[in-house]
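Please read the structure below before turning to the comments.
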Amino acid sequence: MYISRLLIRNFRNFLLLDVPLQCGANCIVGENNTGKTNLVHALRLPLDTNLSSYFRQLTPSDFPAGTDLSVPQHTIVSVEFSDYANKPNEEALVADWHIGNDVARLSYRFRPKRKVRQEIAAGDRQPTDLLLDDYGWEICGGGGNVDPLTVQWNKDFGVSVRFEELQQSFLVVLMKPLRDVEQELRQSRSSPLGRLLAATDIPKTEQDALVDILGKANEDIITQTHIQGLGNEISNAFDDTAGEAFRMKVEVGMVSPCFNDITRSLTLLLSNNSVSRFEPDNNGLGLNNVLYISMLLRVFERRMQAEETAGQLLIVEEPEAHLHPQLQRVLFGTLSQKSFQTISTTHSTHITSQVPLDSIIVLTNDGSTRTASSVPSLQPSFSQRDKEDLERYLDATRATLLYARKVILVEGPAELFLIPSLVKKVRGISLDELGITVIPIYGVHFDVYAKLFGPTGISKKCAIIADGDLTPSDASEGDLEDLLPDVSKPNLNALSNEFVNIFQCRTTFERDITAPGSLSMFIDATKELQAVKVAAKLESIHSQTDWSMPLSPNAIDALIEARNIVLATAKRFGKARFAQVASRHVETVTWIPKYISDAIDWLTT
């Protein structure tokens, strides 16, 4: 059984969120302050029996900004379960929650209390003077004749659910990003070691043998000369202090053992190539996190093997905390292979670069206090090939488009290096400070990426800054051209919508950014690259040409020559390398092309 749908209405920054979930690993991504933690908390409201009732009683801050609680309002969090048919434990848990074929629903509601609803319905109370104390929470199951997406605050649906049913059958474990793992590993009740020991069927003969071993060790310790002498010394001091009436014998040793004491005293001992049997507090925080999660995963597997659970859910907030990129990928790869459901929130592009597209839910700040959500794989324009292409292309660099507030898609690294620097120097605009990320796609296949953005997709602005020529300026030339596949650009204008806009230059990026106001940058770049003759040629063109506007025919010819030289030099040294060097000399630039400036204007309005 797994959660196949999550619906949230009127909770914090979610006016409405309605998304499908996968049976394995699910990944919630988004920029800061888009509500990833709020989504996790909402999910726990109907499911997590470890969540105190105190947190289920909402406050005004738990409603979307501007909500007037003096008139009836309601919050709903509904989860739907699937794939429980012919599984006795799971069918028993959701028996009263069925809403369809192999689908069951559990809902949390916060709305005016029953007495208040009855008074309003009877006309004994006006629905205009409610206080927070007039509201209460409830958990109900089923209600297949009502859609929680549209149900009104005064409409009942489903049957009341007792916490005992959930507590005995459904396990929810939340792992927060910042936690004292060392302390949790020591706590017998919270540590996964304690849970594993509790789930381990240790025979009575072995338990008795362990108690006997510890009892004999205790006797040997107590009879040691110095230990015994210390006990007598403390006993005498106590007698002198407390007096005759409160006299008692004091010894130094261990308490009489029982098996429960032994299990509570056991701890983890680690070894590596240099040290043997050291405790986790001598380990790194990142590896302790992995150790904790690995034991917790084993607890889940034990529960499933014992068939003593109707369901379980592991929620991990920012699994990348304290882990370097390789461990991040290994950890999420492990989570993805488990047979139980996990939901993770993350800021890590190393994680999202390997997550199946179907498992990604993107949260986007729409510029207000509310959050929009989307599941990229559900875009109606996506073909199966599009999905496969995106999963290959979303590496740790390009996956940043899922986190940015706004996106600029460009052909290659030359634009990546130069556009942010030029915009900062000429326009005084820091793209990073505005949450605008430049993403090179290393090609001209903009259509695949552009389909991510739109009214039914990710609702954030995406500007495509592309060359105007039909083929990339560094495409192959010569005898092999007829043997190679077509690399011409798709019809970019067909990609436009309210969230996607196209900005193209007339020819090629390197040519178009070469102008009187940027020639000094390229002269300095060629000098740094020790292209002495090229630098001298560009200096000659720059100094001997009258750049007065409008440009004369001679100046136009000189500019065309300079542009050809810059493009040829970029190809010679590699466009990425040349742009990287040039970006270090932008302090002399006074001009950027209009198509780039227009893209920035569109993104910032």
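Some observations on this one:
- The mean sequence distance of close C-alpha pairs (under 8 Å, at least 6 residues apart), as a share of the length of the stretch 329-408, puts its relative contact order at 33 percent.
- Given 11 as the ceiling on other Cβ atoms within 10 Å, longest exposed-site-free region of the chain for GluC sites (Glu not before Pro) in DSSP loops: 1-306
- Secondary-structure-derived ellipticity at 222 nm for the chain, considering helices only, amounts to -11500 deg cm²/dmol, per-run term -39500 (n - 2.57) for DSSP H runs with n ≥ 4.
- Here r is the Cβ-Cβ distance between HIS445 and LEU378 and R0 is 22 Å; the resulting FRET efficiency, rounded to 0.05, is 0.60.
- Rounded to whole Hz, the Karplus (6.51, -1.76, 1.60) HN-Hα couplings of the stretch 129-141, x for glycine and proline: 10, 6, 10, 4, 5, 7, 9, x, 10, 8, 10, 10, x
- Pairs of C-alpha atoms in the chain farther apart than 35 Å represent 57 percent of all such pairs.
- Förster radius 22 Å - calculated FRET efficiency between ARG5 and ASN33 (Cβ-Cβ, nearest 0.05): 0.30
- Point-to-point label distance, ALA95-LEU131, nm (Cα→Cβ direction, 7 Å offset): 4.3
- Between TRP602 and LYS571, the simple spin-label model (points 7 angstrom out along Cα→Cβ) gives 2.9 nm.
- Summarising the strand pairing of the chain, around 55 percent of its internal DSSP beta bridges are antiparallel.
- Using a Förster distance of 25 Å, the FRET efficiency for GLU251-ASP208 (Cβ separation, nearest 0.05): 0.55
- Top positive-direction residue, dipole computed over the chain with Cβ charges, set THR352, ALA536, ALA396: ALA536
- Our estimate of slack between GLU307 and ASP83, defined as 0.36 nm per intervening residue step minus the Cα-Cα distance, is 79.1 nm.
- Contour excess over end-to-end distance, with Cα ends at LEU69 and LYS594 and 0.36 nm allotted per residue: 184.0 nm
- Helices assigned as whole DSSP H runs in the chain whose Cα atoms extend at least 20 Å along their own long axis and whose mean Kyte-Doolittle hydropathy is -0.5 or higher are found at 204-222, 225-242, 285-306, 413-427, 553-573.
- Along each principal axis, taking the top coordinate minus the bottom one, the Cα set of the stretch 73-147 gives 49, 20, 17 Å in descending order.
- Point-to-point label distance, THR397-GLU164, nm (Cα→Cβ direction, 7 Å offset): 6.0
- Contour minus Cα-Cα distance for GLU119 and THR334 (0.36 nm per residue): 72.0 nm
- Along each principal axis, taking the top coordinate minus the bottom one, the Cα set of the stretch 1-120 gives 47, 42, 25 Å in descending order.
- The chain - percent relative contact order, Cα under 8 Å, separation 6 or more: 14
The numbers here are math on the coordinates, done by the rules we state, and not lab data. Treat the numbers as computed from the prediction; the structure is a model and nothing was measured. Quick reminder, even Gly has a Cβ in these numbers, built from the backbone with ideal geometry, and neighbours come from all protein chains shown.
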